[in-house]
1. So how do 77-86, 33-42 stack up, highest first, on mean other-Cβ count within 10 Å?
2. What ³J(HN,Hα) values, in whole Hz, does the Karplus curve 6.51 cos²θ - 1.76 cosθ + 1.60 give for segment 70-81 when θ = phi - 60°, with x put for Gly and Pro?
3. Please list 3J(HN,Hα) in residue order for segment 36-42, calculated via the Karplus relation 6.51 cos²θ - 1.76 cosθ + 1.60 where θ = phi - 60°; whole Hz, with x for glycine and proline.
4. Search the structure for amide H atoms under 5 Å from the amide H of I30, placed 1.01 Å from N in the peptide plane, and list their residues when 5 or more places away or on another chain.
Amino acid sequence: MPIEIKFIRGRTMKRSHHPEKRSENLLSRITINPDICHEKPTIRNLRYPAEAMLEYLAAGNTVDELLAEFPDLEREDLLACLQFAAETLKLKSRHLVVA
């Protein structure tokens, strides 16, 4: 349930009451199964690696383009990939040593 709208680069972003809960819900879509994609993180065990979806987004594909190309996926699946990447960076950043 959105409570706040902020403008960023001409776009509106909605913030929810409980971002942690939304994050947990999104992350539950990312699965790691030893029998699927060599234990790489995938979306709902559908053999879509989270890494591949992030590469598509980084290359400039839009969420809508990916949803049209991969009809098994939902918007929340792609948001989950982004959340997974953010959480992974948070964990790895804690262990970095600045030279």
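1. Taking the mean over residues of other Cβ atoms within 10 Å, the ranking is 77-86, 33-42.
2. Result, ordered by residue: 10, x, 6, 8, 10, 3, 5, 5, 6, 5, 5, 4 Hz.
3. Calculated HN-Hα couplings, in order: 10, 6, 6, 6, 7, x, 10 Hz.
4. It is R44, by chain and number.
Quick note: the coordinates plus some simple rules give every number you see, no bench work behind them. Keep in mind that this is a model prediction, so the values were computed, not measured. Here Cβ is always computed from backbone atoms with ideal geometry, including for glycine, and neighbour counts include all displayed protein chains.
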